1. Cα atoms only, segment 14-75: Rg and Dmax in Å?
2. Could you tell me the calculated FRET efficiency between Asp45 and Asn73, based on Cβ-Cβ distance and R0 = 25 angstrom, to the nearest 0.05?
3. Subtract the Cα-Cα distance of Thr65 and Met22 from 0.36 nm times their separation in residues, and report this length gain in nm to one decimal.
4. From the gyration tensor of the Cα coordinates in segment 33-106, what semi-axes in whole Å does the equivalent ellipsoid have, largest first, with each one equal to sqrt(5λ)?
Amino acid sequence: MSIELNHTTVWCSDRRRSAGFMAEIQGLPGPRPLYHFPVGEAEFDGIYGHIGEKGLDHRADPARTRPGEIYRNHGRRGVYFLDPDGHVLEALTRPYGSGGQALSRLYGGDLGLSLP
């Protein structure tokens, strides 16, 4: 098994101030909450369909540099979009750290999710 860096932790006295500083020096928008919603493949298709029907701005990355796209990596699909209050939401078909397992395998079958 190879070894890879999964993530790093930056210790700081004020995480919002530090996140704002990092965003500023990288020319990115300031920090905003990001909410991740793991969903099944069928639910993702439905969510993405609703995003398209409503003409919502969506991106393949949280930095918002890939408009109108979804991402595909690590055996999952995902999309970032904003709720009416400007919160960044992410729908993704496999949670981070799941080792590429489908949600149905992680949670034992039917997720019990439905769209209106």
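1. Over segment 14-75's Cα set, Rg and Dmax evaluate to 14.6, 40 Å.
2. Once the sixth-power term is evaluated, E becomes 0.90.
3. 13.8 nm
4. Values for segment 33-106, descending: 20, 13, 11 Å.
Computed from the coordinates by the stated procedures, all read-outs in this text should not be read as laboratory data. The structure presented is a predicted model; accordingly, all values stated were derived computationally and were not measured. In this analysis, Cβ positions are derived from the backbone assuming ideal geometry, glycine residues included, and neighbour counts consider all displayed protein chains.
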